[in-house]
Amino acid sequence: MRPCVEEYAEGLNISVDEAYSLLKKNYDGYHFSPCSKDVYAPFSLLRALHGKNTKHYWFESGTSTALLEHLRHYSIPNVLDYDGVKVSEGEFSIPCEDAESPLPLLYQSGYLTLGEYNPMLKRYILKIPNNEVREGLIDCLMPIILKRSTSDNNGLVADMAEAIFDGNLNGALLALRSYIAKIPYDIITKEDWKVKERNESFYKLLFYMTFSMLNSIVDTEVKSILGRADVVVKTQNDIFVLELKVDKSVDDALAQIDDKGYAIPYEADGRRLTKCGVSISSEARNIVHWKSVNEVGEIVDEQNYYIDVQQ
């Protein structure tokens, strides 16, 4: 299919190597057995090559209505927690109607695929296969979870991506803070807000979903339970390593980045490395403090709205 890929690359004004990488990131990643090679989604791949673009066709291949109706029986805000989950085969291969979680439906409908397999423990790691599926799932869930329109989400992504490309993480977080401030308060009941695990789960989901949406423009790695920093964002000149804390300090977040060695894989990369701790207050229901430091621990940027919240 190289001639098709060459035409695709020409249409996007990128190299053929970059075209292969882009196609793999967006449409590859399916596995149907422990030893399976990567498998591309044929519908999406052929549409991309034919149109010479990198759109997300996942939801055009089948309606998402059934998925969303099924998810309403569970806790929709926890769906992305299944990206990287460790399970036995019986937990995702059973009939969907007999399941106590959305896991079988997510796997059997292609939103999750096989990642790794431990033959000794007979356990699998399931993952979202590629960027197309992740973004399609997020685009579908965001308006439902946050009661915001898709155009609002697109505006947020554009503002954050523009700031990050300029090396301005401060501007990206300001845009996210402004977006969160407009989310209706009735999304979660007052009783739910009193449950620490509930509001922490909501904010972490919001944080992960927002940065996942950036993945079509900026190279991002969003945390899964496999264990890494909450978010890593890469541009041509910068690498940002972010850790989120709810009702805890930014210093706690920065300490975790250092203690867990989240930034170590990027220290020899050559790009400017910035570590950032972000604190969300469940009282203010928003980001109230963030602090960015460079590789040697010097403060690069800091914004603290917590005093305003107390007043």
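So, by mean Cβ neighbours within 10 angstrom, what's the order for 278-288, 202-212, 27-37, 157-167 with the highest one leading?
On the way: 278-288: 20.3, 202-212: 22.1, 27-37: 14.5, 157-167: 17.9.
Top to bottom by mean Cβ count within 10 Å: 202-212, 278-288, 157-167, 27-37.
Would you mind checking the pairs Lys37/Lys122; Lys122/Lys275; Lys86/Lys234; Lys37/Lys245 and listing those with alpha carbons more than 29 angstrom apart? Show your work: numbers first, answer last.
On the way: Lys37/Lys122 19 Å; Lys122/Lys275 37 Å; Lys86/Lys234 27 Å; Lys37/Lys245 37 Å.
Violating the 29 Å limit, Cα to Cα: Lys122/Lys275; Lys37/Lys245.
At a 10 angstrom cut-off on C-beta neighbours, averaged per residue, how do the peptides 235-248, 88-101 rank from highest to lowest? Walk me through the numbers before you get to the answer.
Details: 235-248: 19.3, 88-101: 12.9.
For the peptides 235-248, 88-101, the packing ranking is 235-248, 88-101.
Each value in this text was obtained by applying a stated rule to the coordinates, not by laboratory testing. In this text the structure is predicted, and so the values were computed from the model without any measurement. Here Cβ is always computed from backbone atoms with ideal geometry, including for glycine, and neighbour counts include all displayed protein chains.
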